[in-house]
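Here's the structure, in structure tokens; my notes come after.
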Amino acid sequence: YHHIHGEVPMKEASWRVVCDGTGKEFTDIIYEKSVGEGIAKITINRPERRNAFRPHTIKELIRAFDDARDDSTVGVIILTGKGTKAFCSGGDQALRSSDGYADFESFGRLNVLDLQVQIRRLPKPVIAMVAGYAVGGGHVLHMVCDLTVAADNAVFGQTGAKVGSFDAGYGSSIMSRLVGPKKAREMWFLSRFYNAYEAEKMGLVNVVVPLEKLEMETLKWCREILRNSPTAIRVLKSALNAVDDGHAGLQELGGNATLIFYGTKEANEGKTAYMERRRPDFSKFPRRP
Ligand code: S0N
């Protein structure tokens with residue numbers, strides 16, 4: 001196997017900071033791309049709040065994920081939190097109001113739900129790189145990522161039942177898929193925290209590594225993915241999400257079928273005939289069994 005593929009290089013990445021597309025600096029996140037490799041890294045940068053997010057944080061995350069999606073040199077995206085104490089501690093409770101979370105506006109938002117959908121639909125793998133706490137809405141964020149690489153100091157859990165909130169969307173349905181319906185009830189009803197090894201046993205994370213090896217291991221996973229077929233990965237991601245995402249999931253998968261079909265002579269015959277104002281001739285294309 002290694003004769004064909006070789007080991008992926010175990011080396012640090014060289015990161016280049018990317019600015020906000022609007023010309024402003026990001027304040028709540030750090031957005032970086034690796035030089036010479038197809039890796040983007042998005043870091044929630046509010047360590048003094050255990051990387052709790054406010055609506056503005058989510059807006060920045062959405063912009064960065066949009067950029068990473070559109071950049072055809074990027075093949076895999078890491079989502080992480082600044083420092084070693086937390087990946088993300090969920091919504092900023094100090095800003096929670098009667099209609100969501102409010103920071104610079106007079107009304108509240110739950111725009112993290114838009115970010116969750118964006119990560120699910122993004123046709124490139126998103127890897128959660130978790131050190132410290134991934135709790136509340138931060139735990140849901142790691143669950144909607146495609147893979148999770150956890151440091152041995154990682155702690156996972158939902159706090160909703162304790163702090164008077166809940167995520168009855170992906171936070172419930174995807175969790176139930178990941179850990180099973182009984183364990184999902186345990187996580188939500190009891191609001192317990194689980195260490196990295198417990199989380200690994202529950203199927204919440206892919207691998208646990210010593211904290212000091214967290215980024216190196218995550219980069220190794222990224223590089224292994226980047227060696228593989230982007231189209232295969234794109235279709236597989238949409239296929240793995242399709243049932244759970246219902247019509248939207250099928251649409252994503254179906255869009256990939258169209259994308260691939262457009263590259264065939266058969267599809268091109270239809271378009272060419274239309275442009276040439278003639279009847280299309282599909283007779284030469286096989287009706288495969
Ligand atoms: C993360 C915890 C366990 C860390 O404990 P530790 O290490 O002892 O540190 P602390 O001293 O507690 O914290 C350090 C400083 O950081 C602040 N801080 C931490 N977390 C938050 C937070 N989420 N919001 C605001 N501030 C936070 C502390 O206050 C402290 O500040 P100082 O130093 O000034 O005192 C521990 O901190 C903890 O348990 N945190 C709270 C975790 C939590 O309950 N999170 C929110 C859960 N809910 C959601 O995330 C919902 C998300 C959401 O948007 C949503 C989505 C879908 C549907 C509904 C909702 C919804 O909100 O309703």
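The values are calculated or read from the model by the stated rules, or taken from the named source; none is laboratory data. Here the structure is a predicted model, which means the values were calculated and not measured. Cβ coordinates were reconstructed from backbone atoms using ideal geometry, including for glycine residues, and neighbour counts include every protein chain displayed. These area figures cover heavy atoms from the full protein model, side chains too; ligands, DNA and RNA do not enter into them. Shrake-Rupley method; radii C 1.70, N 1.55, O 1.52, S 1.80 Å.
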Which members of the range 15-73 meet the condition of being out of contact with any Ser or Thr (no Cβ under 6 Å at 6 or more places or on another chain), at positive phi and open to solvent by 80 Å² or more (accessible area, probe 1.4 Å)? GLY36
Which residues, counting only those in the range 171-225, are open to solvent by less than 20 Å² (accessible area, probe 1.4 Å) and aliphatic (A, V, I, L, M)? ILE174, MET175, ALA184, MET187, ALA196, ALA199, LEU204, VAL205, VAL209, LEU214, LEU219
So, in the range 100-110, of the ones that are more than 6 Å from the ligand (Cβ to nearest atom) and open to solvent by 70 Å² or more (accessible area, probe 1.4 Å), which residue ends up farthest from ARG69 (Cα to Cα)? SER106
Tally of residues being more than 7 Å from the ligand (Cβ to nearest atom), in a strand (DSSP E or B) and touching a helix residue (DSSP H, G or I) at 6+ places or on another chain (Cβ under 9 Å) across the range 81-99: 3
Pick from the range 144-193, criterion assigned to a helix (DSSP H, G or I) and out of contact with any helix residue (DSSP H, G or I) (no Cβ under 8 Å at 6 or more places or on another chain), ranking: modelled with the lowest pLDDT: LYS162
Within the group VAL209, VAL235, which residue is within 21 Å of VAL8 (Cβ to Cβ) and either in contact with a helix residue (DSSP H, G or I) (Cβ under 6 Å, 6 or more places away or on another chain) or modelled with pLDDT under 95 (or both)? VAL209
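Residues are listed down the side, and each one gets a yes or a no for (1) in contact with a Leu (Cβ under 8 Å, 6 or more places away or on another chain); (2) part of a helix (DSSP H, G or I); (3) open to solvent by 70 Å² or more (accessible area, probe 1.4 Å); (4) at positive phi:
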site	(1), (2), (3), (4)
ALA239	yes, yes, no, no
LEU250	no, yes, yes, no
LEU253	no, yes, no, no
PHE282	no, no, yes, no
Just checking, how many residues over the range 136-170 are open to solvent by 10 Å² or more (accessible area, probe 1.4 Å), in contact with a strand residue (DSSP E or B) (Cβ under 6 Å, 6 or more places away or on another chain) and either without any contact (Cβ under 8 Å) to a residue 60 or more places away in the chain or near the ligand (Cβ under 7 Å from one of its atoms) (or both)? 4
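This table checks each residue for (1) out of contact with any Cys (no Cβ under 9 Å at 6 or more places or on another chain); (2) touching a residue at least 24 places away in the same chain (Cβ under 8 Å).
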position	(1), (2)
VAL17	yes, no
PRO47	yes, yes
ALA52	no, yes
PHE87	yes, yes
GLY91	yes, yes
SER98	yes, no
In the range 111-135, what residues are within 11 Å of the ligand (Cβ to nearest atom), open to solvent by less than 20 Å² (accessible area, probe 1.4 Å) and not in a loop (DSSP other than H, G, I, E, B)? VAL112, LEU115, GLN116, ALA134, VAL135
For PHE193, work out the one condition from (1) under 30 Å from ARG223 (Cα atoms); (2) out of contact with any Lys or Arg (no Cβ under 8 Å at 6 or more places or on another chain); (3) within 14 Å of the ligand (Cβ to nearest atom) it doesn't fulfil. (1)
